[in-house]
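Okay, structure first, notes after.
The values are calculated or read from the model by the stated rules, or taken from the named source; none is laboratory data. All of these numbers come straight from a predicted model, not from anything done at the bench. Here the Cβ is made from the backbone with ideal geometry for all residues, glycine too, and neighbour counts use every protein chain on show.
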Amino acid sequence: MLKKRMDIKLILALIPFCILIIGFELLPAVSVVMESFTGNEGGFSLEQYVSAFTKMFYLQSIKNSLMISAVSSCIGIIAGLFIAYAITKVSEQTRTRVLMISNMTSNFAGIPLAFAYIILLGSNGIFTILFEQWGLPIFSGFNLYSWSGLILVYVYFQIPLAALLLYPTFYGIREEWREASALLGASTYHFWRRIALPILLPAAAGTFTILFANAMGAYATAYALLGGNYNLLVIRIGSLVAGDVFTRPQLGSALAMVLGLTMVLSLWINERLMRRVRRDLG
Amino acid sequence: MKKGRAFPRVILTATLIYLLIPLLATLLYSVAKSWQNTILPESWTLGWFRDLFMDPRFTLSLWRTLWICFLSVGLSVVVMLPTIFIVVVYLPRLEKLLNVLVLIPYAAPGVVMAVGLIKLYSSGPVAIAGTMWILVGVYFVAVLPYMYQGIRNSMRTIRTIDLIEAAELLGASKLMAFRRIIVPNVLPGIRVSVLLSFSILFGEFVLANLLVGGQFETIQIYLYHRLSESGHLASAVVICYFLVILILSGILLALSGILGRQSTAASKKGSGQ
Amino acid sequence: MSYLLIENVNKTYNSTSVLHELNLEVMEGEMVTLLGPSGCGKSTLLRCISGLTDMDKGSVHLEGRNITPLAPKDRNVGMVFQSYALFPNMNVYDNIAFGLSMKKKSSQQIKSRVEEMLQLIDLTEKAKSYPHELSGGQQQRVSLARSLAVEPKLMLMDEPLSALDAKIRKHLRTELRQIQKRVGMTMLFVTHDQEEALTISDKICLMNQGRIVQTGSPDEVYSKPKDEFAARFIGSYNVLSGEELSMLLAEPAYSKSAGKYALRPEAIHVKQNSLGLQPTSTSSGSDAAAHICLGLVEEAVMLGNIIRYRIEANGVRLLADVLNGDQAMKFHEGDAVQIQFDRQACLPLAPSGT
């Protein structure tokens with residue numbers, strides 16, 4: 001520790017940071033909290049939360065968001081587990097290439113991604129038309145601008161994220177452990193059951209929470225694909241505070257609180273789980 | 001072990017095809033004149049790109065985006081470097097607080113950030129909603145987690161406290177030690193987080209759309225507007241956008257490769273210039 | 001007149017006392033070592049002298065001037081760190097020149113002084129190299145030169161050799177001592193390695209739990225440990241209670257003594273049981289001061305140039321070091337041997353912690 005001669009200059013140098021943090025992080029956060037507890041006619045009230053959890057319209061948006069996030073994260077995790085496992089099994093060169101492409105496509109999200117899927121599977125999409133021509137009814141009942149379409153697009157950005165997050169854990173399960181367990185008489189089944197899975201499961205659960213939070217907060221993809229037409233929590237919040245027709249910032253704030261708390265909860269669970277994984281992997 | 005290798009290969013090949021198809025489709029669409037009922041387009045053209053570059057709205061939005069990313073990331077470096085330095089070296093008791101402050105944006109999705117900002121800055125003494133300044137401010141906050149990690153790690157690698165103590169005992173003032181020792185040694189170590197922040201902001205849509213909308217058209221907003229007009233033109237925009245991202249991540253990858261191999265050598269090179 | 005004078009220094013971290021009413025005097029040109037186990041406060045003392053750490057109470061005088069209120073940069077004190085703390089963005093030349101340029105010396109002055117320093121540490125050809133291109137030993141020499149360049153009145157060295165390999169460490173400590181003598185620099189050297197302290201110091205200050213336990217020349221500190229801590233830390237002395245000593249010597253006189261006694265392992269001679277001693281019998285042999293008795297070898301460990309025996313004699317366990325020469329009789333576990341030592345070699349110790 002250095003000698004504490006608290007120069008006034010040192011304090012002055014912290015001012016820009018304080019201004020920016022207060023102006024663009026703390027005050028907005030406080031404002032969201034306060035607004036969410038303000039009634040339509042002003043004054044303290046729980047009215048907004050009551051609306052959020054009782055009116056079918058808003059309740060449905062919360063339910064839709066939770067469902068889409070959960071389903072897309074589940075699919076993402078399952079695919080991600082296989083891919084992460086595969087990545088650790090191939091040569092160094094292939095591994096770098098796959099990681100690079102996964103990394104690159106993780107930038108392919110939001111508007112451009114939604115757009116690419118419109119080209120492929122939209123009502124005039126290439127695949128839609130081609131398959132129709134070939135008489136293959138794979139996509140005949142499929143509508144990109146719907147719940148299932150949204151899931152399909154979300155899965156696209158969930159899979160590489162899941163693989164990238166899970167891969168270090170697979171990598172951390174060392175070959176020596178397998179060898180040691182084999183020498184102690186364990187079969188492959190026992191190795192996975194007793195050693196690999198207990199390490200993988202918390203990591204997978206932790207990754208799930210990240211994917212879940214990621215999907216809950218994803219706005220651009222849904223917005224580009226469906227505009228305001230599909231009832232998602234993020235879309236509702238956006239149109240309540242910056243809509244074209246009318247705005248209800250208090251209700252928007254209450255919904256934002258719901259979303260924010262969901263995210264914080266997910267990330268908190270993740271932190272707890274990953275602490276365990278880190279401990280196991282040393 | 002041959003059998004053991006085939007399965008992973010199948011998985012990875014399928015994954016790569018799955019990941020690359022949307023990209024390839026967009027690329028083909030951007031150079032297709034007409035593409036109706038065939039696997040590949042019937043005829044080709046570069047006309048969409050020509051149209052795009054003839055459109056001043058596109059070039060303007062591209063420059064605007066680069067400019068605002070540059071401004072926000074630059075502001076972040078200029079503000080965060082001294083802040084983290086002072087907290088780490090002189091006010092270590094505040095480090096926990098700083099850590100919490102910079103991690104908040106990680107947990108707050110863009111929509112939630114936008115809600116509070118709209119309320120605060122639409123009217124009143126600082127009515128900057130709809131201008132680029134609100135974006136610079138919120139972008140500063142948005143990249144905080146990445147910048148903090150980068151700067152903190154870089155400071156840890158160079159053993160900041162030892163260096164500062166050595167410099168002070170050799171007669172350097174705090175400011176002098178910061179300028180001559182800390183800045184040149186930390187900067188090379190944060191190039192990766194700078195580029196990462198840059199590419200994150202480059203693809204940012206939510207905040208730009210909700211806070212400034214059409215009044216300050218960034219590349220993503222331009223793309224969104226084009227989407228409904230012409231599919232081919234929009235794919236040309238996506239390809240251009242993606243080229244920029246590719247260049248950025250290429251640099252990023254090259255840098256992290258160099259840094260991974262010999263971090264000290266990289267730090268030397270960066271400061272020798 | 002002492003050159004460096006430290007009076008009544010107290011330092012407390014989170015309510016644990018790290019330095020306790022500590023006093024120390026150093027003469028000009030002396031090499032003084034602060035020796036002690038980790039956590040004994042030796043590094044903290046060094047940092048208090050440099051001003052990098054505030055002390056709660058006490059004062060530091062250098063050349064008769066009270067430097068306690070001064071900032072580190074104004075104290076004219078140099079310091080070499082265990083981690084070298086070379087500036088990675090500067091080459092060897094610029095590192096050494098840094099302090100001089102902070103003192104606003106002319107570039108001509110800087111050049112000649114840096115070259116002089118490079119010669120002193122014998123690294124002239126490495127002037128343009130960057131720290132990461134140097135070995136640990138070279139980096140530490142540069143670090144020393146950097147601190148010496150500004151001609152500090154006092155040089156503080158915080159475990160400067162601890163991060164180096166054993167071989168380089170031994171080589172560098174000799175070189176360090178030579179440089180110190182040549183320049184006539186007053187140095188305060190912190191280490192936890194007693195061998196290092198014994199080889200390079202004019203004076204050793206043995207520290208334990210925030211206090212200086214014993215001060216003296218390496219010979220004094222080694223051959224006359226003051227208390228049990230000193231005896232155990234400086235050599236692997238046999239520390240015996242009064243009761244144990246009276247059992248060993250078969251003289252009840254010691255048993256009432258509350259104090260402890262130290263017996264150096266190499267002071268005990270181990271021989272074949274040629275006198276045909278019986279387990280309980282003792283003999284004073286030809287020399288009246290010598291004590292001879294029978295022992296049983298419990299363990300024999302080869303340490304290279306010496307063999308260390310653990311011997312049980314009259315119900316007391318002793319360690320005895322015997323030079324591993326051609327002439328040496330080698331004993332094995334279970335051998336009955338005759339041990340002999342000078343009664344004078346049993347040193348009474350002061351109670352620890354005062």
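For segment C:249-261, check the following and say yes or no: at least one residue is modelled with pLDDT of 85 or more, in contact with a strand residue (DSSP E or B) (Cβ under 9 Å, 6 or more places away or on another chain), among the hydrophobic types (A, V, I, L, M, F, W, C) and surrounded by fewer than 16 Cβ atoms within 10 Å (Cβ to Cβ).
Within segment C:249-261, the subset modelled with pLDDT of 85 or more is C:260-261.
Filter again for in contact with a strand residue (DSSP E or B) (Cβ under 9 Å, 6 or more places away or on another chain), leaving C:260-261.
If we keep only those that are among the hydrophobic types (A, V, I, L, M, F, W, C) too, we end up with none.
No, segment C:249-261 contains no residue that is modelled with pLDDT of 85 or more, in contact with a strand residue (DSSP E or B) (Cβ under 9 Å, 6 or more places away or on another chain), among the hydrophobic types (A, V, I, L, M, F, W, C) and surrounded by fewer than 16 Cβ atoms within 10 Å (Cβ to Cβ).
Conditions: (1) closer than 20 Å to residue A:231 by Cα; (2) at pLDDT 85 or above. Residue A:74 meets all but one. Number of the miss?
Looking at each condition in turn, residue A:74 falls short on (1).
Answer yes or no: is there a residue in segment B:184-206 that is over 30 Å from residue C:143 (Cβ atoms) and more than 14 Å from the chain's Cα centre (by Cα).
Residues of segment B:184-206 over 30 Å from residue C:143 (Cβ atoms): B:193-206.
From what's left, more than 14 Å from the chain's Cα centre (by Cα): B:206.
Yes, segment B:184-206 contains at least one residue that is over 30 Å from residue C:143 (Cβ atoms) and more than 14 Å from the chain's Cα centre (by Cα).
Would you check which residues across segment C:24-47 are in contact with a helix residue (DSSP H, G or I) (Cβ under 7 Å, 6 or more places away or on another chain) and within 8 Å of residue C:190 (Cα to Cα) and list them?
Those that are in contact with a helix residue (DSSP H, G or I) (Cβ under 7 Å, 6 or more places away or on another chain) and within 8 Å of residue C:190 (Cα to Cα): C:33, C:34, C:35.
Pick from A:223, A:230: which is of a type outside the set (Asp, Glu) and in a helix (DSSP H, G or I)? Write out each step before concluding.
On the way: A:230 fails: in a helix (DSSP H, G or I).
From the options A:223, A:230, the qualifying one is A:223.
Does any residue of segment B:107-116 turn out to be at negative phi, in contact with a Gly (Cβ under 7 Å, 6 or more places away or on another chain) and in a loop (DSSP other than H, G, I, E, B)?
yes
Which of (1) within 14 Å of another protein chain (Cβ to nearest Cβ); (2) small (Gly, Ala, Ser); (3) part of a helix (DSSP H, G or I) does residue A:182 not meet, given it meets every other one?
Of everything listed in (1) within 14 Å of another protein chain (Cβ to nearest Cβ); (2) small (Gly, Ala, Ser); (3) part of a helix (DSSP H, G or I), residue A:182 misses just condition (1).
Of everything in segment C:104-123 that's assigned to a helix (DSSP H, G or I) and among the polar types (S, T, N, Q), which residue is nearest to the other protein chains (Cβ to nearest Cβ)?
Among residues in segment C:104-123 that are assigned to a helix (DSSP H, G or I) and among the polar types (S, T, N, Q), the one nearest to the other protein chains (Cβ to nearest Cβ) is C:109.
Sort through B:129, B:142, B:108 and tell me the only one that's in contact (Cβ under 8 Å) with a residue 24 or more places away in the chain, closer than 26 Å to residue A:260 by Cα, buried (at least 20 other Cβ atoms within 10 Å of the Cβ) and within 18 Å of the chain's Cα centre (by Cα).
Every option except B:142 fails the conditions.
Which condition number does residue C:198 fail, the rest of (1) in contact with a strand residue (DSSP E or B) (Cβ under 9 Å, 6 or more places away or on another chain); (2) more than 22 Å from residue C:153 (Cβ to Cβ); (3) crowded, with 19+ Cβ neighbours inside 10 Å; (4) free of Cβ contacts under 8 Å to residues at least 60 places away in the same chain being met?
Answer for residue C:198: the failing condition is (3).
For residue B:69, work out the one condition from (1) over 15 Å from residue A:24 (Cβ atoms); (2) over 14 Å from the mean Cα position of the chain (by Cα) it doesn't fulfil.
Failed condition: (2).
So that you can scan it fast, the table gives a plain yes or no per residue for (1) in contact (Cβ under 8 Å) with a residue 60 or more places away in the chain; (2) touching a helix residue (DSSP H, G or I) at 6+ places or on another chain (Cβ under 7 Å); (3) surrounded by fewer than 23 Cβ atoms within 10 Å (Cβ to Cβ):
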{"position": "A:170", "(1), (2), (3)": "yes, yes, yes"}
{"position": "A:174", "(1), (2), (3)": "no, no, yes"}
{"position": "A:189", "(1), (2), (3)": "no, no, yes"}
{"position": "A:192", "(1), (2), (3)": "no, no, yes"}
{"position": "A:196", "(1), (2), (3)": "no, no, yes"}
{"position": "A:199", "(1), (2), (3)": "yes, yes, yes"}
{"position": "A:202", "(1), (2), (3)": "yes, yes, yes"}
{"position": "A:217", "(1), (2), (3)": "no, yes, no"}
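Looking only at residues in segment A:238-258 that are within 7 Å of chain B (Cβ to nearest Cβ) and touching a Phe, Trp or Tyr at 6+ places or on another chain (Cβ under 9 Å), which one is nearest to residue A:217 (Cα to Cα)?
Among residues in segment A:238-258 that are within 7 Å of chain B (Cβ to nearest Cβ) and touching a Phe, Trp or Tyr at 6+ places or on another chain (Cβ under 9 Å), the one nearest to residue A:217 (Cα to Cα) is A:238.
Can you tell me how many residues within segment C:72-103 are part of a loop (DSSP other than H, G, I, E, B), more than 7 Å from chain B (Cβ to nearest Cβ) and more than 29 Å from residue C:61 (Cβ to Cβ)?
Total satisfying the criteria: 4.
Could you name every one of the helices (runs of 4 or more DSSP H) located completely within segment B:171-247 that has at least 1 residues being more than 14 Å from chain C (Cβ to nearest Cβ) and at pLDDT below 90?
Counting at least 1 such residues, we get B:191-202, B:219-227.
Scan segment B:5-34 for residues that are among the β-branched types (Val, Ile, Thr), closer than 23 Å to residue B:239 by Cα and either more than 8 Å from every other protein chain (Cβ to nearest Cβ) or without any contact (Cβ under 8 Å) to a residue 24 or more places away in the chain (or both) and jot them down.
Matches in segment B:5-34: B:15, B:17, B:21, B:31.
Every residue in segment A:236-265 that is farther than 20 Å from residue A:45 by Cα and either surrounded by fewer than 24 Cβ atoms within 10 Å (Cβ to Cβ) or out of contact with any Ser or Thr (no Cβ under 6 Å at 6 or more places or on another chain) (or both), please. Reasoning before the result, please.
Going through segment A:236-265, the residues farther than 20 Å from residue A:45 by Cα turn out to be A:236, A:238-239, A:242-246, A:262-265.
Hits for segment A:236-265 are A:238, A:239, A:242, A:243, A:244, A:245, A:246, A:262, A:263, A:264, A:265.
Could you name every one of the strands (runs of 3 or more DSSP E) located completely within segment C:157-230 that has at least 2 residues being under 22 Å from residue C:348 (Cβ atoms)?
Hits in segment C:157-230: C:203-208, C:211-216.
Would a scan of segment A:267-275 turn up a residue that is facing another protein chain (nearest Cβ under 8 Å), at pLDDT below 90 and under 25 Å from residue A:210 (Cβ atoms)?
To start, the set of residues in segment A:267-275 that are facing another protein chain (nearest Cβ under 8 Å) comprises A:267.
From what is left, the residues that are at pLDDT below 90 are A:267.
Those left that are additionally under 25 Å from residue A:210 (Cβ atoms): A:267.
Yes, segment A:267-275 contains at least one residue that is facing another protein chain (nearest Cβ under 8 Å), at pLDDT below 90 and under 25 Å from residue A:210 (Cβ atoms).
Going residue by residue through segment C:52-63, is there one that turns out to be small (Gly, Ala, Ser) and out of contact with any strand residue (DSSP E or B) (no Cβ under 6 Å at 6 or more places or on another chain)?
Checked segment C:52-63: no residue is small (Gly, Ala, Ser) and out of contact with any strand residue (DSSP E or B) (no Cβ under 6 Å at 6 or more places or on another chain).
Can you list the helices (runs of 4 or more DSSP H) found entirely within segment A:1-64 that contain at least 3 residues being touching a helix residue (DSSP H, G or I) at 6+ places or on another chain (Cβ under 9 Å) and within 14 Å of another protein chain (Cβ to nearest Cβ)?
A:8-13, A:15-21, A:27-36
Quick one: residue C:13 ticks every box in (1) at pLDDT 90 or above; (2) out of contact with any Gly (no Cβ under 7 Å at 6 or more places or on another chain) except a single one, so which number is it?
Unmet condition: (1).
Would you point out the residue of segment B:76-97, among those that are more than 8 Å from chain A (Cβ to nearest Cβ) and in contact with a Phe, Trp or Tyr (Cβ under 8 Å, 6 or more places away or on another chain), that is surrounded by the most Cβ atoms within 10 Å (Cβ to Cβ)?
Only one residue tops the list, namely B:76.
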